[in-house]
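The values are calculated or read from the model by the stated rules, or taken from the named source; none is laboratory data. Keep in mind the model is a prediction, meaning the values are calculated, not measured. Quick reminder, even Gly has a Cβ in these numbers, built from the backbone with ideal geometry, and neighbours come from all protein chains shown. For the accessible areas, the whole protein counts, side chains as well, though only heavy atoms, and no ligand, DNA or RNA atoms are used. Shrake-Rupley method; radii C 1.70, N 1.55, O 1.52, S 1.80 Å.
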Amino acid sequence: MPIKELPPVGRFAPTPSGRLHLGNLFCAMIAYLSVRHRGGQFLLRIEDLDRPRCPMHLSEMAIRDLEKMGFTWDGPILFQSQRDNHYEAALQCLRSQGLIYPCFCTRAELHASIAPNLGDTMLVYPGTCARLTPEEVRRKSETRAPALRLRVPDETISFRDRLQGTVSENLLRDCGDFVLRRSDGLWGYQLAVVVDDAQSGVTEVVRGMDLLSATPRQIYLQRCLSLAPVHYMHIPLLLDPRGRRLAKRDRDLSLDVLLEKFRAEELWGFLACAAGFLSAPEPLSLDDLLEVYDEGKLPRDHAVLPEALVR
Ligand code: GLU
């Protein structure tokens, strides 16, 4: 007898360090349609790990903006700021496998050890603290609280992305040992995402291309923590009608500003165009979009917003 496929579980997981913008909404739209058109569940998680940068009022505004746009989600909203004990348990599991070590390097030291033209995103940790003796650790701990890093093997991780095809990365060469908890106690994004997705039963992750290169690290963490793998789809970043990347500082494309100029249905029309579902913008609701949703039409490299948005 053929095995019946269970309905998928997807999620949208914004970091509320500012107001939501059209790029966030584009990602939420695809994540929502992808699961809803197969009768699946859609979860909302607020990634407010960095409490000072993500105050509660910004989370509340993000939730209100999503409601205004017509989103519905299943179950309670998860707030990462309330989940310390789950991340602590995962850290303990990794520690018991001998996979974690304290790192005392400062940002300045890390920058000095790499080519100056490579920004933070390209920073592959050179392993300075990986081989400290217990005595060295004790001495350094007296003056500085360490970050905690996960040791990675010299192994290439490959996965199949629903839109980008096969993606491969060597953990040691392309990522390096990465931070699970910062020296100021804040949890690292990779650990929190993996723990939360697994504990909420998420089966598919739809998110922006900017996180494609984080995925092999997350797959490795899932394996170390014996968590179920998930399917990935990394969608192109949204470009404004002039072909420029949207940024949080672009106030004009922030949702609260746009909602003063346009109705929610008009915004969906623009985003449906950028996604390739419509050839010209026309107003429609989020649930109307289920009728025109066609994953095969999604662009792979970049999605451009129509001119009507700036007219
Ligand atoms: N919080 C991340 C962001 O807003 C997304 C994380 C994810 O989808 O895995 O960019």
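Regarding the stretch 35-42, can at least one residue be identified that is under 18 Å from the mean Cα position of the chain (by Cα), assigned to a helix (DSSP H, G or I), within 16 Å of the ligand (Cβ to nearest atom) and closer than 24 Å to Gly296 by Cβ? Don't jump to the end; show me each part of the working.
Of the residues in the stretch 35-42, the ones under 18 Å from the mean Cα position of the chain (by Cα) are 35, 42.
With the extra rule that they be assigned to a helix (DSSP H, G or I), the set shrinks to 35.
Going one step further and asking which of them are within 16 Å of the ligand (Cβ to nearest atom), we end up with 35.
Now drop any that are not closer than 24 Å to Gly296 by Cβ, which leaves 35.
Checked the stretch 35-42: at least one residue is under 18 Å from the mean Cα position of the chain (by Cα), assigned to a helix (DSSP H, G or I), within 16 Å of the ligand (Cβ to nearest atom) and closer than 24 Å to Gly296 by Cβ.
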> Out of all the residues in the stretch 206-219, which are touching a residue at least 24 places away in the same chain (Cβ under 8 Å), within 12 Å of the ligand (Cβ to nearest atom) and not in a strand (DSSP E or B)?
Replying inline: Met209, Asp210, Leu212, Ala214, Thr215, Arg217, Gln218
> For Ile46, which of the numbered conditions (1) in contact with a Ser or Thr (Cβ under 7 Å, 6 or more places away or on another chain); (2) open to solvent by 40 Å² or more (accessible area, probe 1.4 Å); (3) not basic (Lys, Arg) fails to hold?
Replying inline: (2)
> Any idea which residue in the stretch 193-218 is most open to solvent (accessible area, probe 1.4 Å), counting only those that are over 13 Å from His231 (Cβ atoms) and charged (D, E, K, R)?
Replying inline: Asp210
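Take Gly201 and tell me if it is more than 15 Å from the ligand (Cβ to nearest atom), out of contact with any helix residue (DSSP H, G or I) (no Cβ under 9 Å at 6 or more places or on another chain) and without any contact (Cβ under 8 Å) to a residue 60 or more places away in the chain.
Numbers: more than 15 Å from the ligand (Cβ to nearest atom): yes; out of contact with any helix residue (DSSP H, G or I) (no Cβ under 9 Å at 6 or more places or on another chain): yes; without any contact (Cβ under 8 Å) to a residue 60 or more places away in the chain: no.
Judged against the criteria, Gly201 is not a match.
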> In the stretch 220-232, how many are away from the ligand (no atom under 11 Å from the Cβ) and either closer than 26 Å to Gly39 by Cα or open to solvent by less than 30 Å² (accessible area, probe 1.4 Å) (or both)?
Replying inline: 9
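I'm checking my understanding of the structure. Among residues of the stretch 46-65 that are in a helix (DSSP H, G or I), out of contact with any helix residue (DSSP H, G or I) (no Cβ under 7 Å at 6 or more places or on another chain) and touching a residue at least 40 places away in the same chain (Cβ under 8 Å), which one is nearest to Asn24 (Cα to Cα)? It would help to see each step written out before you state the result.
Keep residues of the stretch 46-65 that are in a helix (DSSP H, G or I), which gives 56-65.
Among the residues that remain, those that are also out of contact with any helix residue (DSSP H, G or I) (no Cβ under 7 Å at 6 or more places or on another chain) are: 56-64.
Applying the additional criterion that residues be touching a residue at least 40 places away in the same chain (Cβ under 8 Å) yields 58-59, 61-62.
On the way: Leu58: 14, Ser59: 14, Met61: 13, Ala62: 10 Å.
Among those residues, the one meeting the criterion is Ala62.
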>> Restricting to the stretch 51-78, count the residues that are more than 30 Å from Leu284 (Cβ to Cβ) and either surrounded by fewer than 18 Cβ atoms within 10 Å (Cβ to Cβ) or over 19 Å from the mean Cα position of the chain (by Cα) (or both).
In response: 6
> Is there a residue in the stretch 140-147 that is surrounded by 16 or more Cβ atoms within 10 Å (Cβ to Cβ) and of a type in the set (Val, Ile, Thr)?
Replying inline: no
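This table checks each residue for (1) charged (D, E, K, R); (2) modelled with pLDDT of 95 or more.
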{"residue": "Glu60", "(1), (2)": "yes, yes"}
{"residue": "Leu66", "(1), (2)": "no, yes"}
{"residue": "Phe71", "(1), (2)": "no, yes"}
{"residue": "Leu91", "(1), (2)": "no, yes"}
{"residue": "Arg95", "(1), (2)": "yes, yes"}
{"residue": "Gly98", "(1), (2)": "no, yes"}
{"residue": "His111", "(1), (2)": "no, no"}
{"residue": "Ala115", "(1), (2)": "no, no"}
>> Residues that are within 20 Å of the chain's Cα centre (by Cα) and outside any helix (DSSP H, G or I): does the stretch 79-88 have at least one?
In response: yes
> Restricting the search to the stretch 10-34, which residues are open to solvent by 20 Å² or more (accessible area, probe 1.4 Å) and away from the ligand (no atom under 12 Å from the Cβ)?
Replying inline: Arg19
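Considering only residues of the stretch 118-152 that are part of a loop (DSSP other than H, G, I, E, B) and hydroxyl-bearing (Ser, Thr, Tyr), which is nearest to Ala31 (Cα to Cα)?
Taking the stretch 118-152 as the starting set, the residues that turn out to be part of a loop (DSSP other than H, G, I, E, B) are 118-119, 123-133, 142-146, 151-152.
Next, only the ones that are hydroxyl-bearing (Ser, Thr, Tyr) stay: 125, 128, 133, 143.
Working: Tyr125: 32, Thr128: 39, Thr133: 46, Thr143: 45 Å.
Per the stated criteria, the residue is Tyr125.
Considering the stretch 153-192 alone, what residues qualify as being closer than 19 Å to Ile30 by Cα and open to solvent by less than 40 Å² (accessible area, probe 1.4 Å)? Explain how you work it out, then say what you get.
Taking the stretch 153-192 and keeping what is closer than 19 Å to Ile30 by Cα, we get 160-165.
Residues satisfying the conditions are Asp161, Leu163, Gln164, Gly165.
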> When you scan the stretch 238-310 for helices (runs of 4 or more DSSP H) that lie fully inside it, which ones turn up with 3 or more residues that are among the β-branched types (Val, Ile, Thr) and open to solvent by 10 Å² or more (accessible area, probe 1.4 Å)?
Replying inline: none
